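J.: This structure is in structure tokens; I'll ask about it shortly.
The values are calculated or read from the model by the stated rules, or taken from the named source; none is laboratory data. Note that the coordinates shown come from a computational prediction; the quantities given were computed from them, not determined experimentally. Ideal geometry is used to build each Cβ from the backbone, glycine not excepted, and the neighbour counts take in all protein chains shown.
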Amino acid sequence: MRPFAIRKWHRIAVGMGAAILCAMIYYTTVYSAVNEKVIVAPALYLSYHSAEELFQEADLIVIGSTEQNFGDREHMTSSLALKGSLQDFYTVTTVKVDKVIKGPISENTEIRVGEPISYSQGLDGISKITRPNYKELQKGSKYLLFLKKNDKGCFFVMSGSLGKYNIDSTDPEREMNETKQHILGEILQDSRFAIIHL
């Protein structure tokens, strides 16, 4: 080979090596990093205006908690095939059931609970994506959960944040709308929920 051809291949190899190194740095420091950004996606939920409506529609009502950190949970997303845009998302959280108020399961068992929150991959890294006013179940916090079972055996929190109430004051809600405040007031006066003390 002539010296000019060797220098040309050398420049190509160095250029490709630099491009690969830059891509690896971008992938490890930006693309695969979890950032603090939270994306709120709109949602349409069935409306419930009373604790009785929630009680009647729920397949399962439990008091329980999770010992999973949010990052360790099963995050699910689905995209539209043609456009690649996000179609649906949720997180499956393992919840230990302390008390069953309604439903066909035993106390001290674990159930899979679907929450309307997950992680979403973007060019600027991994962000949380959630529905309006929903914050994930916090590790170690105790909740009253109104749940609806899907066809895959997972129980989903009903109507976003309306189906989730922290009962040990370890996860205070920043914004509780009027409907949720009203339902919480009814729950606290309902004898079926007598074990709850806020």
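J.: What's the number of the only condition in (1) out of contact with any helix residue (DSSP H, G or I) (no Cβ under 8 Å at 6 or more places or on another chain); (2) assigned to a strand (DSSP E or B) that T91 fails to meet?
T.: So T91 meets the others, but not (1).
J.: Now, a different point. Only one of P172, P104, P116 is closer than 15 Å to Y45 by Cα and either touching a residue at least 12 places away in the same chain (Cβ under 8 Å) or assigned by TED's automatic domain parsing to the domain that holds I61 (or both). Can you tell me which?
T.: That would be P116, the only listed residue that is closer than 15 Å to Y45 by Cα and either touching a residue at least 12 places away in the same chain (Cβ under 8 Å) or assigned by TED's automatic domain parsing to the domain that holds I61 (or both).
J.: Whether any residue in segment 145-167 is more than 19 Å from G64 (Cα to Cα) and of a type in the set (V, I, T) is what I want to check.
T.: no
J.: Among the candidates K135, K139, K148, single out the residue that is farther than 23 Å from P42 by Cβ and in the same structural domain as V40 (by TED's automatic domain parsing).
T.: Details: K135 fails: farther than 23 Å from P42 by Cβ; K148 fails: farther than 23 Å from P42 by Cβ.
Of the residues listed, the single one that is farther than 23 Å from P42 by Cβ and in the same structural domain as V40 (by TED's automatic domain parsing) is K139.
Residues are listed down the side, and each one gets a yes or a no for (1) more than 21 Å from D171 (Cβ to Cβ); (2) in a loop (DSSP other than H, G, I, E, B):
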site	(1), (2)
P42	yes, yes
Q68	no, yes
S78	yes, no
G114	no, no
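J.: Only one of T130, T93 is out of contact with any Lys or Arg (no Cβ under 8 Å at 6 or more places or on another chain), among the polar types (S, T, N, Q) and either modelled with pLDDT of 95 or more or in the same structural domain as E67 (by TED's automatic domain parsing) (or both). Can you tell me which?
T.: Result: T130 is the single residue among T130, T93 that is out of contact with any Lys or Arg (no Cβ under 8 Å at 6 or more places or on another chain), among the polar types (S, T, N, Q) and either modelled with pLDDT of 95 or more or in the same structural domain as E67 (by TED's automatic domain parsing) (or both).
J.: If I go through segment 152-198 residue by residue, how many of them are surrounded by 11 or more Cβ atoms within 10 Å (Cβ to Cβ), within 29 Å of E74 (Cβ to Cβ) and of a type in the set (G, A, S)?
T.: Of the residues in segment 152-198, 4 are surrounded by 11 or more Cβ atoms within 10 Å (Cβ to Cβ), within 29 Å of E74 (Cβ to Cβ) and of a type in the set (G, A, S).
J.: Do you know which residues across segment 102-127 are over 28 Å from E36 (Cβ atoms) and surrounded by 18 or more Cβ atoms within 10 Å (Cβ to Cβ)? Let's see the steps before the verdict.
T.: We begin by selecting, within segment 102-127, every residue over 28 Å from E36 (Cβ atoms); these are 102-111.
The one that is over 28 Å from E36 (Cβ atoms) and surrounded by 18 or more Cβ atoms within 10 Å (Cβ to Cβ): I111.
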